Amino acid sequence: MPLRRATERPPIKERGHTVKFMSELLLKLFVPKGGADDPKVRTRCGLLSGITGIILNILLVAGKLTVGIIAGSVAIIADAVNNFSDAASSVITLIGFKLAGQKPDKEHPFGHGRIEYVAGLIVSVLIIFMGFELGKSSVEKIITPEKAEFSYVAMGVLIASILVKFWMFYFNRKIAKRINSPSIKATATDSLSDVVATSVVLVALIVGQYTDLPIDGIAGLVVALFIFKAGWGAVKSTQAPLLGRPMSKELAEEIDKLALEHDDILGIHDLVYHDYGPGRAIVTFHAEVPADGNLMDTHALIDHIEREIGEKFGIEAVIHMDPIVVDGDTEEMRTLVEGVVKGINPEATIHDLRIAEWDKIHNVYFDVIMPYGMELSDEQIAEKIKADIKEKSGFNAVVHVEHPYIES
């Protein structure tokens, strides 16, 4: 293999290996082995991300602020202020993970995991705020332009910033994937936006020497719009777990499969996912069991499935037993009702169906799960189902319309 001259830069592939090596080395040195739901792993990852962000961003602020003031460039100064907001965001992330790692107490029996989501939301709002401030300063520079002074020192600082921010993007994305953290994912997104933002500032610094156009202000405005967009995207991704998000379709299918492996579980429904922070989730659902089964045996089976879910998924499960009658008349009515319901929407399902017949009373009771976005109201859907069933069977339908808690 021929020797490479000392003045040559390493190939891109080798530089990529260096970035990967540095990231994995830090994780190996400071983060213990364990899964994404391990509180120690999550806390260490959050601390590592926060401390690394604080140190590197403060260094970037010092360098950019110095060259920005000397060059008289609003774009470079704004980029420095943006890095200062990143340092503040890292402090918030650090505090968030430290608090989220606390054990449950009598005031917070479900733990403090949601603080991590709050921290991610604060980071996202800071990104939007700094984008707005950057845009305001840039517009002022466009209205009253001042030519920025070019210097190789400023260019060197900007290039170094691009390389550092690209590594921070890679590093934080790796951490976010390892522990499935929205707040660190937001930090990674911000680092990537900084790469583009600083690249625009660098181009403006060079091009600005060959034109009288307010390139510095225009570049700052472009950067502001990019940062604002990235911040808004991060807000949407971090507010979902705070407001309450549906259970993932994949997890629902896995739980369904696990439950139905037991012969006396005829079906499950009403799966609800309660998210109290990463590694602190509770799932509740109804399990359909034979009405003529032994009550003690069925109860023992339900307890066993709850333990299985906890061991396999790390989620506390609370299961409600729904006894159902399985006979010819019930199954015939179920077929009729399903046909009526799916005639309104093919994705609709029914559960908890039972028949009550005595004297002149002929009622069928059941719940319907209808997808969101229906043109008809829940009341209109119920009335239509009742009318169709009355016409086809002579039974009075008592219907409760619900909506799914699982991702479409």
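The values are calculated or read from the model by the stated rules, or taken from the named source; none is laboratory data. Just so it is clear, the model here is predicted, and its values are computed rather than measured. A quick note on method: Cβ atoms are made from the backbone with ideal geometry, for glycine too, and the neighbour counts reach across all protein chains shown.
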Completion exercise
Just one listed residue, out of H320, H351, H362, is more than 19 Å from D270 (Cα to Cα), assigned by TED's automatic domain parsing to the domain that holds D264 and of a type outside the set (D, E, K, R), and it is H362
Exercise for the section: Check whether at least one residue in region 389-396 is farther than 29 Å from K257 by Cβ and either in contact (Cβ under 8 Å) with a residue 60 or more places away in the chain or not assigned by TED's automatic domain parsing to the domain that holds K257 (or both), and report yes or no. Expected result: yes
Handout entry: Any hit, region 208-220, residues being among the aromatic types (F, W, Y), assigned to a helix (DSSP H, G or I), surrounded by fewer than 16 Cβ atoms within 10 Å (Cβ to Cβ) and in the same structural domain as G35 (by TED's automatic domain parsing)
Key = yes
Practice task
Just give me the residues in region 35-73 being more than 21 Å from the chain's Cα centre (by Cα) and at pLDDT below 80, in sequence order.
Solution key: none
Exercise for the section: Take S151 and decide whether it is surrounded by 18 or more Cβ atoms within 10 Å (Cβ to Cβ) and in the same structural domain as T238 (by TED's automatic domain parsing). Expected result: no
Exercise for the section: For G339, indicate whether it is of a type outside the set (V, I, T), outside any helix (DSSP H, G or I) and either touching a helix residue (DSSP H, G or I) at 6+ places or on another chain (Cβ under 7 Å) or more than 30 Å from P104 (Cα to Cα) (or both). Expected result: no
Fill in the blank from the handout: Screening K165, K174 for residues that are surrounded by fewer than 20 Cβ atoms within 10 Å (Cβ to Cβ) and in the same structural domain as A80 (by TED's automatic domain parsing) leaves only K174
Problem - Single residue of A160, A148, A75, A87 found to be farther than 30 Å from K20 by Cβ and assigned to a helix (DSSP H, G or I) - result: A75
Problem - Scan of region 290-305 for residues that are crowded, with 16+ Cβ neighbours inside 10 Å and within 35 Å of the chain's Cα centre (by Cα), ordered by number - result: L301, I302, I305
Exercise for the section: For region 390-400, state whether one or more residues are under 33 Å from the mean Cα position of the chain (by Cα) and more than 30 Å from G35 (Cα to Cα). Expected result: yes
Practice task
Please indicate, with yes or no, whether at least one residue in region 313-325 is under 25 Å from P290 (Cα atoms), aromatic (F, W, Y) and not in a loop (DSSP other than H, G, I, E, B).
Solution key: no
Exercise for the section: Pull up region 348-395, narrow it to residues that are surrounded by fewer than 16 Cβ atoms within 10 Å (Cβ to Cβ) and of a type in the set (F, W, Y), then point me to the one that is nearest to D322 (Cα to Cα). Expected result: Y365
Handout entry: Residue check, I142 touching a Pro at 6+ places or on another chain (Cβ under 9 Å), modelled with pLDDT of 85 or more and either outside the structural domain of Q239 (by TED's automatic domain parsing) or surrounded by fewer than 24 Cβ atoms within 10 Å (Cβ to Cβ) (or both)
Key = yes
Practice task
Name every residue in region 375-401 that is touching a His at 6+ places or on another chain (Cβ under 9 Å) and closer than 30 Å to E254 by Cβ, in order of residue number.
Solution key: D378
Handout entry: Pick from region 306-323, criterion of a type in the set (A, V, I, L, M) and farther than 16 Å from E261 by Cα, ranking: farthest from the chain's Cα centre (by Cα)
Key = M321
Exercise for the section: With respect to A100, determine if the residue is surrounded by 24 or more Cβ atoms within 10 Å (Cβ to Cβ), more than 21 Å from the chain's Cα centre (by Cα) and either modelled with pLDDT under 85 or among the aliphatic types (A, V, I, L, M) (or both). Expected result: no
Problem - Tabulated pairs, region 273-292, first assigned by TED's automatic domain parsing to the domain that holds L353, second basic (K, R), C-beta under 6 angstrom, 6+ apart or interchain - result: G277/R114
Exercise for the section: Please give the number of the condition A287 fails out of (1) within 30 Å of L376 (Cα to Cα); (2) small (G, A, S); (3) more than 32 Å from the chain's Cα centre (by Cα). Expected result: (3)
